[in-house]
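The structure appears right after this line, and notes come after that.
The values are calculated or read from the model by the stated rules, or taken from the named source; none is laboratory data. Source: prediction; values computed, not measured. With ideal geometry, Cβ positions are generated from the backbone for all residues, glycine too; neighbour counts draw on all protein chains shown. What goes into the accessible areas is simple: the full protein's heavy atoms, side chains included, and nothing from ligands, DNA or RNA. Shrake-Rupley method; radii C 1.70, N 1.55, O 1.52, S 1.80 Å.
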Amino acid sequence: MTHAVTPRLREMRWWDIDPVLELEKELFPEDTWSRGMFWSELAHARGPEATRRYVVAETDARIVGYAGLAASGDLADIQTIAVARDHWGTGLGGRLLAELLRAATAFECGEVMLECRIDNIRAQKLYERFGFEAIGFRRGYYQPGNVDALVMRLTDPSTSVQGTEIHG
């Protein structure tokens, strides 16, 4: 789907939690994050000791995507990436992922991990385009649906975002 206005990426803030939760419930009805989970993540996203990077994609004052990353030592973990269905196929998922990989590089992480629903082929293809490789499974990871997760890893995130640019 083509959109005339390219969504602007910006730091996620506490006032974004409710609209993000609405999108979360629409996209992930079986394993929706709670308000408290987002609050907890954002509590670690600012200041000199920050270990998280959360961004939202906004167009016409509507949040159409969000993404988050947690860093610990030299390892980063992509916590979540979501794009509104009416923005699928626009490249927004790639923009959000590139922003998280830039954050992993800024946190000086040499490796990025993620879990992806085994039935989410669209997301797996996106991660593969950025150089992620499948390294294993987590049985029953997504609850309560008891859906397995594919574990993926990217070594040296800085090489995956060279030449990409985020506007907004």
Exercise for review: Calculate, in nm to one decimal, what Thr6 and Thr32 gain on full extension: separation in residues at 0.36 nm each, minus their alpha carbon distance.
Suggested key: 6.7 nm
Practice item. Would you please give the FRET efficiency between Ala43 and Gln143, computed as 1/(1 + (r/R0)^6) with r the Cβ-Cβ distance and R0 = 22 Å, to the nearest 0.05? Key: 0.40
Check your understanding: Taking the Cα atoms of the chain, what is the range of coordinates along each of the three principal axes, in descending order and whole Å?
Key -> 39, 36, 33
Check your understanding: How many Å² of accessible area per residue for the chain, probe 1.4 Å?
Key -> 53
Exercise for review: Please quote Rg/Rh for segment 37-134 to two decimal places, taking the Kirkwood radius as Rh and restricting both calculations to Cα atoms.
Suggested key: 0.96
Revision key, fill the gap. What the 5 Å binned alpha carbon P(r) of segment 1-79 shows, as percent of pairs per bin from 0, is 3, 14, 24, 24, 18, 10, 5, 1, 0
Check your understanding: Rounded to a whole number, what % of the accessible area of the chain do carbon and sulfur atoms account for, probe 1.4 Å?
Key -> 49
Check your understanding: How high is the relative contact order of the chain, given as a whole-number percent (alpha carbon pairs under 8 Å, six or more residues apart)?
Key -> 21
Check your understanding: DSSP beta bridges in segment 1-116, what fraction antiparallel, as a percent rounded to 5?
Key -> 85
Check your understanding: How large is the helix-only mean residue ellipticity at 222 nm for the chain, computed as the sum of -39500 (n - 2.57) over DSSP H runs with n ≥ 4, divided by its residue count, in deg cm²/dmol to the nearest 500?
Key -> -7500 deg cm²/dmol
Exercise for review: Could you tell me which of Met12, Ala50, Tyr141 has its Cα farthest along the dipole of the chain towards the positive end, charges placed at Cβ (Lys, Arg +1; Asp, Glu -1), taken about the Cα centre?
Suggested key: Met12
